[in-house]
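Shown next, in structure tokens, is the structure this report addresses.
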Amino acid sequence: MSTGNTAPAAEDYLAREARARMAIDQMLVLAGWAVQDADAVNLSAGRGVAVREFVLAPGHGRADYALFVDRKPLGVLEAKAEGTILSNVEPQRDDYAEGMPDDLEVPIEPLPFTYMSTGDRTRRRVDQRARAPARDTELRCERAWLPADAHVGT
């Protein structure tokens, strides 16, 4: 039996996820990333470009953020509402890392840098299968990604 509280709960979740995305946008900008919407992408806008609502290959949906370094996709970030247990989001994050569109040149597959964030907590993973080819880009991506005071857990 429905209690009629589904809509308010969903609205609260969406409001919390919107706040998380605003915090993530701010963290990315402070770290030097150009943050852009998918319908107005300019991968030459900076060395690091974070594209919001990036459309993936069929069956993979949309990544909240696709992370490009030197115009090449190297990571994805999944935004979730504050209070979300980030370990529960790992399958979704991993699916996104393997779902780049076929017409996009992907230098390392799956994408080696994957993140989940609520805006106040962030978890990252560097895919070990991509570790050797990613070694030269790893420091660039990690140093540029989050401000020094952000809480990052692995």
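Bear in mind that the values in this text are calculations on the coordinates, not laboratory data. This structure is a prediction, so every number in the text was calculated from the model and none was measured. Cβ placement follows ideal geometry from the backbone for every residue including glycine, while neighbour counts extend to all protein chains displayed.
Annotations for the structure displayed:
- Using the Cβ of V89 as centre and a radius below 10 Å, the other residues enclosed give a net charge of 0, where K and R count +1 and D and E count -1.
- Sorting 50-57, 104-111, 24-31 by average packing, meaning the other beta carbons within 10 Å per residue, from highest down gives 50-57, 24-31, 104-111.
- Segment 45-99: relative contact order as a whole-number percent, Cα under 8 Å and 6+ apart: 30
- FRET efficiency for the S44 to A18 pair, using the beta carbon distance and R₀ = 25 Å, is estimated at 0.30.
- Förster-model FRET efficiency, 41 Å R0, V55 and I85, C-beta, rounded to 0.05: 0.95
- Fewest-first ranking of K80, K72, using other Cβ atoms within 10 Å as the exposure measure: K72, K80
- Linear extension gain, Q26 paired with E11, 0.36 nm per residue minus alpha-carbon span: 3.1 nm
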